[in-house]
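J.: First the structure, then my questions, so here it is.
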Amino acid sequence: MSAAGEKVRLALAVTLVIAALVAFYMLSKQGIWVQWAVLLVSLSASFAVFLTSEMGKQLIGFSRDAVREVKKVVWPERKEALQITAYVFAFVVVMALFLWITDKTLEWVFYDLILGWKK
């Protein structure tokens with residue numbers, strides 16, 4: 001497909017999205033069901049036009065590759081997932097305590113010892 005054809009398809013897809021939004025607000029007096037029906041049909045048409053473009057085909061290929069890679073992942077068992085979660089929470093608590101102690105120590109050094117600002 002030519003570059004001009006690609007640009008026309010992408011411009012048509014964008015135009016359909018804009019038209020969907022305009023129609024949604026212009027049809028407010030027709031009722032909520034009509035608004036949403038027109039919006040969903042227009043957005044679906046826009047998506048279909050986008051998928052026929054080269055960028056759309058690349059997106060489909062990327063999605064297929066991503067799904068294929070996710071299927072290769074070895075997910076942890078429940079016990080292992082709970083252990084890892086417990087380690088993360090323990091680390092967060094230890095870091096929170098460390099940062100709190102560091103903050104209070106620096107506060108004491110600067111305000112009480114150096115500046116002499118007693119609370």
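J.: According to the square roots a ≥ b ≥ c of the eigenvalues of the Cα gyration tensor, what is the shape class of the range 76-119, taking rounded for a/c under 1.5, prolate for a/b larger than b/c otherwise, and oblate for the remainder?
T.: Here the range 76-119 falls in the prolate category.
J.: OK, next. What ranking, highest mean first, results for peptides 58-71, 35-48 when packing means the other Cβ atoms within 10 Å averaged over each residue?
T.: Top to bottom by mean Cβ count within 10 Å: 35-48, 58-71.
J.: When the helices in the chain are scored as -39500 (n - 2.57) per DSSP H run of 4 or longer and the sum is shared across all residues, what 222 nm value do you end up with, to the nearest 500 deg cm²/dmol?
T.: About -28000 deg cm²/dmol.
J.: Sum up the charges of everything whose Cβ sits under 10 Å from the Cβ of Leu51, counting Lys and Arg as +1 and Asp and Glu as -1, but leave Leu51 out.
T.: Overall, the nearby charge balance is +2.
J.: If I take R0 = 41 Å and measure r between the Cβ atoms of Ile60 and Ser28 in this structure, what FRET efficiency does the formula 1/(1 + (r/R0)^6) give, to the nearest 0.05?
T.: 0.70
J.: Determine how many Å³ per residue the convex hull of the Cα atoms of the chain encloses.
T.: Spelled out: Cα convex hull of the chain, divided by residues, is 329 Å³.
J.: Follow-up. Pull out the extension gain between Leu12 and Phe110, defined as 0.36 nm times the separation in residues minus the alpha carbon to alpha carbon distance; nm, one decimal.
T.: Length difference between fully extended and current span is 28.9 nm.
J.: Within straight cross-link reach of Lys71, meaning Cα distance under 20 Å, which aspartates and glutamates are found once same-chain residues fewer than 8 apart are removed?
T.: Glu80
J.: Does the range 3-72 classify as rounded, prolate or oblate by the C-alpha gyration tensor (a ≥ b ≥ c root eigenvalues; a/c under 1.5 gives rounded; else a/b over b/c gives prolate, otherwise oblate)?
T.: oblate
Here, each number is a calculation from the coordinates, and none is a lab measurement. The structure presented is a predicted model; accordingly, all values stated were derived computationally and were not measured. A quick note on method: Cβ atoms are made from the backbone with ideal geometry, for glycine too, and the neighbour counts reach across all protein chains shown.
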